[in-house]
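A short reminder: the numbers here are calculations on the coordinates, not readings from a lab. In this text the structure is predicted, and so the values were computed from the model without any measurement. All Cβ positions, even for glycine, are placed from backbone atoms using ideal geometry, and neighbour counts span all protein chains on display.
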Amino acid sequence: MPTSTFFNLPEEKRQRLMRSAMEEFSKRPYGEVPLSGIIQSAGIPRGSFYQYFADKTDLFQYVLSQISQRMRGLIGESLDRCGGDLLDLPLALFDWAMEFLREDEEEARTILCIVQHNAALGSGQIWDVEATVRLLLERVDLTPLCLDGRGEVCALLDLLLSSAGQAVGAACCHPAKAELCRTHLQYKIEIIRAGVLSRRSDKEASPC
């Protein structure tokens, strides 16, 4: 994580370094990004960089933490939009992402490219799953879903967010097919919903 020296920098200099890092990390997978490119783009001496971050990995983890924080905010707003219905969350996320893309296409595509280039890291490293689960437990009534413990909550969340992410990625790559991508996502969610309702029906004889 950044040092106190980084946070004491003028806002413009901090933002310039973060913009440079996100731009470079959006071009290729983390392992292929040269630190020299980030430093050159930000216009800072190499020695100064090490006053702010321990190394490239430290910087990348901070970038991911900022994306994770943004995603949790997005999930919270989308939950409000769908009335707290977890199974309606993917479509609400998709709609919000399309609005974000129209309003700030450059930032939206930068974030999406970072996530796509580093998909091999797994969702747990792209966003803070535990923090997201806590958010859900605070704002969503999971009782009707009959989930057995936190493990199943995490699994369902991962499935829903992955489905939404795939649809958003496809819509960004093919804007003319955005509505088709949304329809396909809706089909996926209806299949998931049917499975959840079927499971609940099987459990009606015994309380969840």
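Things to note:
- Selected from 47, 76, 84 as most flexible by GNM, with the chain as the system and alpha-carbon contacts under 10 Å: 47
- Cα Rg, Dmax, the chain, angstrom units: 19.5, 67
- Taking the Cα centre of region 1-132 as reference, the dipole from Cβ charges on Lys and Arg (+1) and Asp and Glu (-1) amounts to some 640 debye.
- GNM on the chain, alpha-carbon springs under 10 angstrom: the most fluctuating residue among 25, 94, 53 is 53.
- Residue exposure sequence - 80, 158 - by fewest surrounding Cβ within 10 Å: 80, 158
- Links that overshoot a 26 Å alpha carbon limit, given the list 27/56; 27/188; 56/188: 27/188; 56/188
- Highest-fluctuation residue, 61, 116, 15 considered, GNM on the chain with Cα pairs under 10 Å: 15
- Taking Lys and Arg as +1 and Asp and Glu as -1, the other residues whose beta-carbon sits under 13 Å from that of residue 150 total -3.
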